[in-house]
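In what follows, a single structure is set out as C-alpha cells and then discussed.
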Amino acid sequence: MLDLSLPQLQTSAFAGRPAAAPPPAPDAARRAGHLWDSHGRRIRDLRLSITDRCNFRCLYCLEPDTTFLPSRELVGAADHVRLARIAASLGIEKIRLTGGEPTLHPALGEIIAGVAASGVRDVAITTNGATLERRTLERWRTLGLRRVTISIDAVEPATFARLTRSRYDVARVLDGIQATLDAGFEETKLNAVVIRGLNEDQIVPLTELARRYDVEMRFIEFMPLDDGREWRREDVVAADEIVAAIDRVHRLVPAGRDDPSATALRYRFADGAPGSIGVIAPVSRPFCGACSRLRITADGKVRPCLFSTREYDLRPLLVAGADDDAIRQFLADATWTKQAGHGIATSAFERADRTMSAIGG
Ligand code: SAM
Ligand code: SF4
C-alpha cells in the first residue's frame with residue numbers, strides 16, 4: 001500500500017515537457033467537421049478542467065505542498081465558454097466541467113450558462129462535494145447543468161480524513177449529496193477510488209449509499225496519476241474484487257455499459273433495491289478501444305488521452321485572438337494524435353507528467 005510517511009518535495013503539479021502545436025492531421029480529418037483520431041474513434045466527450053486549484057489533498061491525486069499555477073497562466077471563463085462552443089461545432093456532445101475542484105471557480109455560474117448554450121446536449125460536473133448548497137445547486141441547474149458526480153471515498157470519518165487530507169468532514173459531503181438530490185438534477189452519481197489497505201473496508205458502506213440515495217455508486221481503480229508518484233500495481237483493488245466484495249453482502253446483477261464508450265460497467269441489486277453500482281476498471285479491464293474523450297486542462301493544454309505524455313498548448317492561440325477555424329484545426333490535429341491505449345498493464349507504460357488534479361478527471 002502507499003507509504004504515507006514519505007516526504008514529498010513538489011513544486012508544481014506539472015513539471016513536464018514543453019507543450020507544442022500538434023502535427024497536422026490528414027486533410028480528410030481536418031475537414032471532417034467532427035473530431036476523429038487515427039484509430040477510427042470519433043470524439044464526442046470533452047472534459048474541460050476549469051481550475052487546477054483544490055481544497056482537498058487526496059493522497060491518490062494531489063500532494064499537500066504542491067503549488068498551483070499562477071492565475072495569469074489559466075484559461076479565462078470567457079475562453080472556456082468559447083472552447084465549448086467551438087467543440088460543439090465539431091460534434092462534441094457532452095462536456096464535463098472538472099478540475100482541480102471546479103466549484104472553487106468564482107465564475108462557475110457564467111461557465112455553466114455559456115457551456116449549456118454552446119450547442120452540446122449534456123453539461124455535467126465532477127466535484128468533491130464539500131461545499132455544495134441547495135440554493136447554489138438549483139441556480140446551476142436552471143443555468144443548464146444536467147448531471148452531477150460527487151466523489152466520496154469513505155463514509156467512516158477517520159478514513160475519509162486520511163484519504164482526502166482536507167479540513168472538511170465527510171458529513172459535509174453527505175449533506176452535499178442530499179442537497180444535490182433535492183436540487184433535482186437529471187442524474188447524480190457518486191465516485192470512490194479504492195486503494196488497497198486504505199479504504200477496501202468502505203466498499204460495502206459506500207454501496208449502502210447507492211441503496212439509500214437511489215444513485216449509482218461508482219468504484220474507480222486507482223490509476224498511476226498520483227502527485228506523490230507512489231502508485232503500485234499491488235495497491236490497485238481490481239474491479240472483480242470490488243464486485244465480489246459487494247456481491248457477498250448484496251447480490252449483484254450485471255447491467256452492462258450505458259453505451260460502448262461509457263467508462264463504467266454497471267450492476268443492479270438482485271433484491272430490487274434502488275440504486276446501482278458502477279465499476280471503472282482502466283487498469284484491470286481497459287476500455288480504450290471505445291474511448292470518445294478529449295481533455296483540455298485549466299492552462300489550455302489539449303490532452304488526447306488521460307495518460308498522454310505529450311500535450312498541445314492551445315492558450316497561445318486564445319491569447320493571440322486566433323479565429324475559430326484556427327482553433328478547430330488545432331483540435332482536429334491534436335485529436336488525430338490520440339494514442340491507441342494507455343497500456344498501464346504493460347512494461348512499456350510511461351507515466352504522464354501531470355497529476356490527475358492538473359489534468360481534470
Ligand atoms: N475535485 C473533483 C473531485 O474530486 O471529484 C474533480 C476532479 S478529480 C481529479 C476527478 C475524479 O478523479 C475524482 O472522482 C477522483 O476520485 C478521481 N481521481 C483522482 N486521482 C485519481 C487516481 N490516481 N486514480 C483514479 N481516480 C482518481
Ligand atoms: Fe482535489 Fe478531486 Fe484531486 Fe481530491 S481528487 S485532490 S478533490 S482534484
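Listed values, structure above:
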{"quantity": "Residue satisfying all of: in region 237-291; closer than 30 Å to Ala334 by Cβ and touching a Pro at 6+ places or on another chain (Cβ under 9 Å); most open to solvent (accessible area, probe 1.4 Å) among these", "calculated": "Gly289"}
{"quantity": "Selected residue (criterion: nearest to Ala161 (Cα to Cα)) from residues of region 28-54 that are under 16 Å from the mean Cα position of the chain (by Cα) and outside any strand (DSSP E or B)", "calculated": "Cys54"}
{"quantity": "Extreme residue, nearest to ligand 2 (Cβ to nearest atom), among residues of region 28-60 that are free of Cβ contacts under 8 Å to residues at least 60 places away in the same chain and charged (D, E, K, R)", "calculated": "Arg53"}
{"quantity": "Members of region 155-204 found to be of a type in the set (Gly, Ala, Ser) and surrounded by 16 or more Cβ atoms within 10 Å (Cβ to Cβ), listed by number", "calculated": "Ser166, Gly176, Ala179, Ala183, Ala192"}
{"quantity": "Count of residues meeting criterion [among the small types (Gly, Ala, Ser) and either under 19 Å from the mean Cα position of the chain (by Cα) or within 15 Å of ligand 1 (Cβ to nearest atom) (or both)] in region 162-187", "calculated": "2"}
{"quantity": "Meets criteria (under 17 Å from Thr297 (Cα atoms) and either at pLDDT below 95 or open to solvent by less than 40 Å² (accessible area, probe 1.4 Å) (or both)) for Ala130", "calculated": "no"}
{"quantity": "Near pairs, Cβ below 7 angstrom, 6+ apart or cross-chain, from region 96-118 (within 18 Å of Thr188 (Cβ to Cβ)) to any residue that is at pLDDT below 95 and open to solvent by less than 30 Å² (accessible area, probe 1.4 Å)", "calculated": "Thr98/Gly360; Thr98/Gly361"}
{"quantity": "Odd one out for Ile125, checked against (1) touching a helix residue (DSSP H, G or I) at 6+ places or on another chain (Cβ under 9 Å); (2) closer than 22 Å to Asp324 by Cβ; (3) modelled with pLDDT of 95 or more", "calculated": "(2)"}
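Residue-by-condition table, conditions (1) closer than 26 Å to Leu206 by Cα; (2) within 12 Å of ligand 2 (Cβ to nearest atom); (3) open to solvent by less than 10 Å² (accessible area, probe 1.4 Å); (4) hydrophobic (A, V, I, L, M, F, W, C):
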| residue | (1), (2), (3), (4) |
| --- | --- |
| Ile92 | no, no, yes, yes |
| Gly114 | no, no, no, no |
| Leu143 | no, no, no, yes |
| Ile150 | yes, yes, yes, yes |
| Asp153 | yes, yes, yes, no |
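The values are calculated or read from the model by the stated rules, or taken from the named source; none is laboratory data. All values reported here derive from a predicted model rather than from experimental measurement. Cβ atoms come from the backbone with ideal geometry, glycine included; neighbour counts cover every protein chain shown. Heavy atoms of the whole protein, side chains included, go into the accessibility calculation; ligands, DNA and RNA do not. Shrake-Rupley method; radii C 1.70, N 1.55, O 1.52, S 1.80 Å.
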